[in-house]
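Written below as structure tokens is the structure these notes are about.
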Amino acid sequence: MKLSRDKLKSSFLQKVAEMSGEDIASCYQCGKCSAGCPLEAAMGILPHRALRLLQLGCEEEALNFDAVWLCASCHTCESRCPRGCDLSRVMEALRMIRLRGGQSPVHPQEVDEEILQRAPQQAIVSCYRKNIS
Amino acid sequence: MRRIGVFVCSCGLNIAGRVDVQKVTDAAAGIPGVVHSENYKYMCSEPGQNLIADAIRQKRLDGLVVAACSPAMHELTFRSAAKLAGLNPYMVQMANIREHCSWVHRDEEQATAKATDIVRAAVEKVRRDQPLEPTRIPLTKKALVIGGGIAGMQSALDIADAGYDVVLVEKDATIGGRMAQLSETFPTLDCASCILTPKMAEVARHPRIQLAMCSRVTQVAGYVGNFTVQITQAPTYVDWEKCIGCMDCQERCPSRLPSEFDRGLGKRKAIGVDFPQAVPNRPVIKADHCLYLQKGRCGICEKICPVEAVDFQQQEKVWEEEVGAIIVATGFDVLGAEAFAEYGYGQYPDVIDSLAYERLNSSSGPTEGVIRRPSDGEIPKEVVFIQCAGSRDPDKGKAYCSKICCMYTAKHATLYRHKVPDGQAYIFYMDIRAGGKGYEEFVQRAVEQDGALYLRGRVSRVYEEDGKIVVKGVDTLAGENIEIAADLVVLASAVTPRTGARELAQVLKVPADQDGFYNEAHPKLRPVETVTAGVYLAGAVAGPRDIPEAVANASGAAAKVAVLFSNDELENEPLIAAVDESKCSGCLWCVPVCPFDAIEEKELIERVGSKEVTRPVATVNAGLCQGCGACSVACRDGAMNLKGFTNEQILAEVEALCLMTGSPE
Amino acid sequence: MSLKNMENQLIAEVKELLESGKVRGFVGFGRGYGMAESVPVFITDALDAEKLVLDPFCGMTIAKYVLERTPQAVGQTRRPLGILAKGCDGLALARLMRDRRLQPDDVYVVGFNCRGMVDAKKVRARLGLKVSGARLEGDQVHFETAEGPVTLSKDECLLDKCLACENPLPEDCQVLLGDDQDTGPVGHRDYAGVANLEALSPDERYRFWTRQFERCLRCFACRNVCSACNCITCSLEDREVEWLGKDTQLSEQFMFHFTRAYHVAGRCVGCGECERVCPVEIPLMLLNEKLMRDIRDLFGVCDPHVPRETEPLGEFNPEDPEGWREEDERA
Amino acid sequence: MSHDWQPRIVAFACRWCTYAGADLAGTRRMDYPASIRLIRVPCSGRVNPSFVVRAFQRGADGVLVAGCHPGDCHYIEGNLFTRRRYSLVKRLLEYLGMEPERFRVEWISAAEGARFAQVVKEMTEDISQLGPNAKMREQL
Amino acid sequence: MTARESARCLGISLEELEDWQCCGAVFPLATDAIINLASPFRTLASAHQAGADLVTLCSGCLNVLRRTNKLVAADAEIRKKLEDFVEMKYAGERKVFHLLEVLRDETGFDQLQKKVVHPLDDVTVAPYYGCLLLRPAEDMAFDHPDKPVIMGEFLRALGAKPVSYPFQTECCGSYLSVSSVDSTRQAASAVLKSAQAAGAQWLVTSCPTCLYNLELAAESLDEPPRLVYFTQLLAHALGVDAYLEENGALAKNVMPEVN
């Protein structure tokens, strides 16, 4: 991996920092967020890695970090983070950038009819809000 | 009219490279009252100082301005030089034209103009200086040491060996402190008791050390050399003078309670000692658990005591000691249960802190040194150690590194393997900080020889399931979450100041940081002193320390006390506040702003017409005043002033600086 | 009870005090030169008690008059001086006591629950008539004038300080006249003038104060009358340290008024005497109120004008805001 | 060589923190405008508000009062009184018409040489924008 | 319905907010997603106009409304934007409660206990908090984020025996059950198994999404705990459900049978 000043000071990083309101540099990669993440198994990759990718200025990798779609914003990570860095907000920022860029992992017409019938409104509204721009 | 001399230093090219030194010298010569002005390459050198001395004598100078570097650098140098030449050292002012001028400005003209202004302000200041003499105060050559742990004991021994009396105040019934709770010590694995107990005995029998056990320092008045300290001793309910230490009472006492010394893992009796090697080896009664004191029945100890030492009527005792210096060595605590909800501390018996683990390891501990888990007494086969439990956690715990945990956790894992050869120790860590002699090697031995498995990451959750303690953490090096079903979990809880340290800091008027650790007078150059003259620090009271550091500290503080006591009188800095009684209205609004309680009320007798009347005025205790000047600003009528920084002087400096040289009007 | 009834009570009380020798003298009000004007009097003879008045024109805060006559000041044995006290006098006495210029047993306080006093200037401006008497009733004041009775609302004719008065009842009195005790504040200090001035630009404010201070005669009346300005020697007249220049150019006027205001910051009792006595009508309460309001807002001191054992600038809270930062500005 | 008008700024610096911080700026050879003149005081709590007004009277275009951060005072609590005092003084000066940029209170520790230089730069720039101070200034 | 009747029975009057609007179900975490705050803001402002505080029965709504409320009270800039957009004035004057808090703080659990007519007779119930009631702890200020007690106390007041189990504050997978069923099933199963291991007969929740996710997960478990909404328990214990059933306002057999 090649590092450079430009890469570490990109406007993309600035944008993530602004949108999330979090200080990316504050993370010292202790992994406590990953250790407590209830959906880490489904993600298949440790969520604290998102912050590391950002610290290294890896825009492309950060934007391909698909675990963001699996963050349920449960704030377990935030509640235990020793550095007061809210990973859920960083995940949301990455998600929003991709949603605004036209990516979306969920398409309303493809959602299972049975789920739409059974699931409570809250779940459906939340899912759409998080996954559809 | 003062006869002022101005000496401008070129400091090689440090000043002359940017400031036209000759121009400054010439400008200074033009200031009224300046009768001598010259410059030299290195004013602080011996020839430079001689130059000054000669001018003082030849030109009968009574005020000096040395335009050179920061007063922090050479004020003392030039004051001493002036004194040698017969001039009162307080008639010297430095004009800082190096750090504040030549080093920070590029434009030579501007820098020269500024240097001229700075010199002029210093001339105006020195013009209003008065010769000052340090006050001399006698001192009591007896020291108070607060805390009987390893640091306090070391300090007490060093001072006592130097030939001065020491009062050692300890809040518990035994000296020894935290170190007495430890099993072995890193990195040599010496048995803590083996090296500590001889020292405890030495303290106890030293003729110059007076022990005040079960005691606290509740008030401190006075100042360096002359403190009056109030000591409050809790009742022990046993007359230690009579007691012969047979411990029959402890044997027969029917009431048991969890032993605080054993971190709640073992039991002790309501009467007795914390541990068999306690010094002094005298029992105390824990009133809350004594059947007689609580319910009025039992009294077995009183009946069986062969020397009738048990005294249920004993009361709290309060007395005063006069001392000349105070060493604070109150040591540390570890963060309590409330900090670790996600780790289940306080909820699951098999989640313990490091001090409890020390007790499990100790041959005098509740399991006699066999590692048994608290819940069922089984020998744990898998033990998880969690480092940084509350440390390096600015959000939920403490921002700082507790410093000693890396080392003692390696020690714990090593000792564990020695005692449970088929067991496995896991250590969650963030970074290994092993910066001491033999420390890194010790950690590596734990890994290589004793099979400790280090996992780089934090633990998020600890919970009980099927009789196991499930630890969910992460190993960021592997990029995997880790789950371990352990038998015992040990938290390396953050080191904090002793409970009550903050209150004591207020009693002593010593500043503490946001975490409650006491501030050193200077973190690098005056690490065992505080800003309150005569109060010194030893050990973990100023921050997490390991044993060798605490001992080195303690000896350092003791040396400071010995140096202090080598004087028969103390010289007090004369730059202190003073009251003009004729102006003082006696409102005493200066009193609440004084951080050192140095201002008192005094009755002034005055004549009004033919009668004598008294009125209150403020008066400054020269021993207590540290010269901050807060009182002089609280004073509306201008009666309170600060010597060396008087209202007249500061107003004159303002005027001088506002007459900027070289700025076109 | 009406003021008239209280006046009778007062006269009887003072007569008794002087006759019995309980007090050395008594500071109260007597008839002034004009009809609608009562002025401070100092009496020592019981026969003079009849001269005392208590009417709606007794607006001056007279506490400071006792300062010149304390045992300490006159070198006499300790025997108290009597004084008639409204709420504002009570605060002023408390100020002098906390500043230790007065001992509690230097004074014998005859207090009453003040329902506001008439501002003669306002009445003159409104009625333009010779007023021969007045009577307070509820929210109104009934005046007797040469042309018959006239009624004004209190809002129209009371002294500003009364309209802002939250402490009408003096504390720590030896005697309380009347029976309507503790019926709550007369008014409320709203700091409207301060807010108006704050809304201006810095230059406009500077021009405003320049217009005011240019008139200042440096007569020191504001200081002399002030119960918080009670130093034995005033630093502004110090002969050794020139805190204040001798000439009266604008720069020195700013220095003077800045220092005066700052010296009473947290200590001003809000009696408004400084402003009342100013011969050139400089609105000094705008300065005092500014500090009072900031003390309240910044340090959470709810009654900044009520003397306490500590003053706001003689204490601190570790959590105090930094009042000079933008973000600490009031929303 | 510059004959342009440059503001004159008088600073009252606590000897333990800000004065030492300015020393550090020197040791590190930081470059900041020559507009500032320091007066060394033992504590920011020593700075009488009248000193500030006197500086404006005599021609200062800006005044800085600087000391240790709250909690770090060499005299334990001196700067906590400073904080209260200057919260009021700053507002009073502005109330009398002084521009906010001309008077600042800052906490600058002995380790904050860069912060010291930064504050001097900021003040110099801000005041240069405003021009010379005429308010409360004596007429010669 | 059950909640309103139960509250009435306890002397609290709950009014349904006229013209209410969905809060959006999730609190927008991106600092520039202000528009998503419009609907909770409008709900809060409506409540303010109606002169009342808000009570929710759903953890999700509580989360969104309480955080929005805190944000508009603290951030004047955002408040201004929202006020302009929604054309209503509101600056966080109102409070947002969860019904459980009302029961604890207004009614008092000891008073509640006195009103119980059908005590839950020592049935073992696992309280399930999930995420949204408790986190972020600073915003929600609801209960200890790792050691909450409110539901346990509530259950005890109703006569039930609450059990403590490690997963009571773990996330059930939330809305991912719509887009990624497997991941939620895994998360929700872990919760159920943990409750089961602790011997819970029932499990009570305060969030419809949690309830749904847990129901899904329960399908693939042997004898999972029965799932109930906290208002159901409340109505049952107060004897309100019987009254409602009689009036045909509530379907029968809503409550699982005791034992």
Practice task
Report the residue count in segment B:460-474 for those that are at the interface with another protein chain (Cβ under 8 Å from one of its Cβ atoms), surrounded by 20 or more Cβ atoms within 10 Å (Cβ to Cβ) and aliphatic (A, V, I, L, M).
Solution key: 1
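Which ones in segment B:41-70 are on the phi < 0 side of the Ramachandran plot and assigned to a loop (DSSP other than H, G, I, E, B)?
Passing the criteria: B:Lys41, B:Tyr42, B:Met43, B:Cys44, B:Ser45, B:Leu61, B:Asp62, B:Cys69, B:Ser70.
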Handout entry: When residues of segment C:162-202 are limited to those that are within 23 Å of C:Arg98 (Cβ to Cβ) and charged (D, E, K, R), the one farthest from the other protein chains (Cβ to nearest Cβ)
Key = C:Asp182
Exercise for the section: Please specify each residue of segment A:82-92 satisfying the condition of being on the phi < 0 side of the Ramachandran plot and either modelled with pLDDT under 95 or not hydrophobic (A, V, I, L, M, F, W, C) (or both). Expected result: A:Pro82, A:Arg83, A:Cys85, A:Asp86, A:Ser88, A:Arg89, A:Glu92
Handout entry: segment B:513-543, residues that are within 14 Å of chain D (Cβ to nearest Cβ), of a type in the set (Ser, Thr, Tyr) and either within 19 Å of B:Ile404 (Cβ to Cβ) or not in a loop (DSSP other than H, G, I, E, B) (or both)
Key = B:Tyr518
Problem - Filter result (of a type in the set (S, T, N, Q) and buried (at least 22 other Cβ atoms within 10 Å of the Cβ)) within segment B:387-444 - result: B:Gln387, B:Ser391, B:Ser402, B:Thr409, B:Thr414
Exercise for the section: Report yes if some residue within segment B:123-139 is within 10 Å of another protein chain (Cβ to nearest Cβ), within 30 Å of D:Gly113 (Cα to Cα) and in contact (Cβ under 8 Å) with a residue 40 or more places away in the chain; otherwise report no. Expected result: yes
Problem - Only listed residue being buried (at least 23 other Cβ atoms within 10 Å of the Cβ) and either facing another protein chain (nearest Cβ under 8 Å) or of a type outside the set (A, V, I, L, M) (or both), chosen from D:Gly97, D:Gly71, D:Gly62, D:Gly131 - result: D:Gly62
Completion exercise
Every listed condition ((1) more than 27 Å from C:Met117 (Cβ to Cβ); (2) within 14 Å of chain D (Cβ to nearest Cβ)) holds for C:Arg218 save (2)
Handout entry: helices (runs of 4 or more DSSP H) wholly inside segment C:42-142 containing at least 1 residues that are at pLDDT 90 or above and of a type in the set (Asp, Glu)
Key = C:87-98
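Of all residues in segment E:1-57, how many are assigned to a loop (DSSP other than H, G, I, E, B) and either modelled with pLDDT of 85 or more or within 14 Å of another protein chain (Cβ to nearest Cβ) (or both)?
19
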Practice task
Scan segment A:19-35 for residues that are touching a helix residue (DSSP H, G or I) at 6+ places or on another chain (Cβ under 8 Å) and more than 7 Å from chain B (Cβ to nearest Cβ) and jot them down.
Solution key: A:Met19, A:Ser20, A:Gly21, A:Glu22, A:Asp23, A:Ile24, A:Ala25, A:Cys27, A:Cys33
Handout entry: Those residues of segment E:202-238 which are β-branched (Val, Ile, Thr) and outside any strand (DSSP E or B), in sequence order
Key = E:Thr209, E:Thr231
Handout entry: One residue from C:Pro283, C:Pro304 being at pLDDT below 95 and not aromatic (Phe, Trp, Tyr)
Key = C:Pro304
Exercise for the section: State whether one or more residues within segment E:112-130 are farther than 22 Å from E:Leu234 by Cα and either assigned to a loop (DSSP other than H, G, I, E, B) or away from chain B (no Cβ under 12 Å) (or both). Expected result: no
Problem - Members of segment B:420-430 found to be part of a loop (DSSP other than H, G, I, E, B) and more than 14 Å from every other protein chain (Cβ to nearest Cβ), listed by number - result: B:Val420, B:Pro421, B:Asp422, B:Gly423
Practice task
For segment B:156-180, enumerate the residues that are over 15 Å from B:Arg205 (Cα atoms) and part of a helix (DSSP H, G or I).
Solution key: B:Gly177, B:Arg178, B:Met179, B:Ala180
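For B:Val535, are the conditions met, namely being at pLDDT below 95, β-branched (Val, Ile, Thr) and under 17 Å from B:Val220 (Cβ atoms)? Walk me through how you get there before you give the answer.
Working: at pLDDT below 95: no; β-branched (Val, Ile, Thr): yes; under 17 Å from B:Val220 (Cβ atoms): yes.
Criteria not met by B:Val535.
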Practice task
Tell me which residues, restricted to segment B:571-588, are touching a Leu at 6+ places or on another chain (Cβ under 6 Å) and either within 14 Å of chain C (Cβ to nearest Cβ) or at pLDDT below 90 (or both).
Solution key: B:Glu581
Fill in the blank from the handout: In segment B:92-110, anything surrounded by 24 or more Cβ atoms within 10 Å (Cβ to Cβ), assigned to a helix (DSSP H, G or I) and either in contact (Cβ under 8 Å) with a residue 40 or more places away in the chain or away from chain D (no Cβ under 14 Å) (or both) is listed as B:Arg98, B:Cys101, B:Ser102
Completion exercise
Residue pairs within 6 Å by beta carbon, gap of at least six or interchain, first lying in segment B:412-441 and without any contact (Cβ under 8 Å) to a residue 12 or more places away in the chain, second surrounded by fewer than 22 Cβ atoms within 10 Å (Cβ to Cβ) and part of a loop (DSSP other than H, G, I, E, B), listed first then second, are B:Glu440/B:Ala434
Exercise for the section: Return the pairs, sorted by first residue and then second, in which the second residue is of a type in the set (Val, Ile, Thr) and buried (at least 23 other Cβ atoms within 10 Å of the Cβ), the first residue lies in segment A:117-133 and is at the interface with another protein chain (Cβ under 7 Å from one of its Cβ atoms) and more than 9 Å from E:Thr209 (Cβ to Cβ), the beta carbons are less than 7 Å apart, and the residues are 6+ apart or on different chains. Expected result: A:Ile124/E:Val178; A:Cys127/E:Val178; A:Arg129/E:Val26; A:Lys130/E:Val26
Exercise for the section: Can you give me the ranges of the strands (runs of 3 or more DSSP E) entirely in segment B:589-660 with at least 2 residues that are facing another protein chain (nearest Cβ under 7 Å)? Expected result: B:611-620
Exercise for the section: With the condition kept exactly as written, say whether any residue in segment B:475-498 is over 23 Å from B:Ala339 (Cβ atoms), within 12 Å of chain A (Cβ to nearest Cβ) and of a type in the set (A, V, I, L, M, F, W, C). Expected result: yes
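The values are calculated or read from the model by the stated rules, or taken from the named source; none is laboratory data. What you see is a predicted model, and the numbers here were worked out from it, not measured in a lab. Reconstructed Cβ throughout: ideal geometry from the backbone, glycine too, with neighbour counts over all protein chains shown.
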